[in-house]
Amino acid sequence: MEFDVIVIGAGPAGSAAALTAAKGGAKVLLLEKGPEPGSKNVSGAMIRTEEIAKVFDTSSMPFERKVKNVDLIFMDSTGKVRISVDISSGLINVGRLKLDKWMAQQAEKAGAVLVTKTTALGVEKDGEKYKVVTDRGSISGSKVVLAEGVNALISMGMKIRPDLEPEHSVQAVKEVYNLNKDEINKRLGFKSDEEGSSWRIFGTNPVPYAGFLYTYKDAIAIGVGIPMSILIKKKISPYTVLDELKERLGINELVKGGSLREYSAKVIPEQGFPSYRACSGKIYLAGDSIGLINALTFNGIGPAVISGSIAGKAALEGYECFKYEEELMKDKEIKGVVKARPLIQELTKEENLNYYVNFLGDALHSWAYGSLSLNLDMPRLIKHLMLGMGVLKA
């Protein structure tokens, strides 16, 4: 059997690619190794609806709760500071299983063929076409989109991109607790079953980290991400850091009476395109496979959807590699990921994470006491400001 476009991976990037190519009239195959789209992903996230709406019809998009406030929490060794930001619209908490399934269904409605429980093992050149080798046989296609996620074994095996180094990756872990929706509303002060919130947490003990909390209809997700280089240097497990965060914020009391539904882990890339190639011949890479995650804004799904859509169009029209990479760099969100990367690599260093969390905590504490005191490290601040503006390179 032959297809015009074979998409490997039915996550947000893969389904966006399949939808775009199928809507353009291509015969598209969408391969997923899990029993259904989303089943292999770390569940739950906060997403920006306007980014998803650029590719998908969001009128029926499944969501858990609408985010009404985002709380920013800074915790150093002496205390914590909490700032709550009201959100008028546009942010929602979602479960990945429902979201990914909904995205793949839109690709199917456009004509793409979804095949699950099929693991792609490699891609081989076969004359003018490509042969995708799977654990259930081989399929032929004219173009291939690789949306295989951060563990991009095919892309790395074909030498299109390198493996991730510890200094360019963050290890994230997450726990999801089932809890009656009425209890969630009561404990978090929500006025309806649709109302929700998200937390962004920055701490320094026992090591510097960034954490998050998401609210679902009937569950609460809490997680933490730590630079891999710090975990290796300190010989500490991410579970230890998550337990410390839960203790400091009283999470065990918040989810008391609930049951642990899920424990999951994910590597978050802090390196990628354009340092990585995004294309080889008529093979186009998208999403996590080329590190398109903006760690400054905790946003991976938006860039995945946008890059997937561009990959789908590239496959449909047979872009040369330079054209595909040029189109990626034209997009505002992807350009933002690329521009932020040098600053993120600086901020994820242990000494810088410690400095900023302590600086913000001390400044806000002293201001609250009426004796504003700022421990300004001007050379550090100027360097990071210039990195953020793109004036300097890391």
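The values are calculated or read from the model by the stated rules, or taken from the named source; none is laboratory data. In this text the structure is predicted, and so the values were computed from the model without any measurement. In this analysis, Cβ positions are derived from the backbone assuming ideal geometry, glycine residues included, and neighbour counts consider all displayed protein chains. Quick note on the areas: whole protein, heavy atoms, side chains included, nothing else; ligands and nucleic acids left out. Shrake-Rupley method; radii C 1.70, N 1.55, O 1.52, S 1.80 Å.
General remarks:
- Taken as Cα centroids, the range 223-242 and the range 1-56 sit 32 Å apart, rounded to the nearest whole angstrom.
- Full extension of the chain between K131 and S366 gives 78.2 nm of extra length, using 0.36 nm per residue less the Cα-Cα distance.
- On the basis of the beta-carbon distance and an R0 of 22 Å, S237 and S264 show a calculated FRET efficiency of 0.90.
- The range 167-267 shape via C-alpha gyration tensor axes, a/c threshold 1.5: prolate
- Euclidean distance between Cα centres, the range 277-323 to the range 345-360, Å: 30
- Taking a ≥ b ≥ c as the square roots of the Cα gyration tensor eigenvalues, the range 106-205 comes out oblate, since a/c reaches at least 1.5 and a/b does not exceed b/c.
- Surface accessible to a 1.4 Å probe, per residue, for the residues of the chain, Å²: 45
- If the segment from E124 to K159 were pulled out straight at 0.36 nm per residue, it would be longer than the present Cα-Cα gap by 11.3 nm.
- The phi torsions of the range 220-227, fed into the Karplus equation with coefficients 6.51, -1.76 and 1.60 and a -60° offset, translate into couplings of 10, 10, 10, x, 8, x, 10, x Hz, rounded to whole numbers, with Gly and Pro shown as x.
- Carbon + sulfur, % of accessible area of the range 167-267 - ligands and nucleic acids excluded, 1.4 Å: 49
- Span-like helix ranges in the chain, DSSP H, alpha carbon extent 20 angstrom or more, Kyte mean at least 0.5: 301-317
- Placing unit charges on each Cβ (+1 for Lys and Arg, -1 for Asp and Glu) gives the chain a dipole about its Cα centre, and among G79, G300, V55 the Cα reaching farthest toward its positive end belongs to V55.
- Between G24 and any residue 5 or more places off or on another chain, the built amide H atoms are never under 5 Å apart.
- Sites matching trypsin sites (Lys or Arg not before Pro) across the range 308-351 that sit in DSSP coil, with at most 15 neighbouring C-beta atoms within 10 Å: K349
- Compared with the alpha-carbon gap, the fully stretched path from L72 to S373 is longer by 106.3 nm at 0.36 nm per residue.
- Loop GluC sites (Glu not before Pro), the range 120-153 (other Cβ atoms within 10 Å of the site Cβ: 15 or fewer; DSSP): E128
- The 3J(HN,Hα) values that the Karplus relation (6.51, -1.76, 1.60; θ = phi - 60°) gives for the range 29-34 are, in residue order, 10, 10, 9, 9, 7, x Hz. Gly and Pro appear as x.
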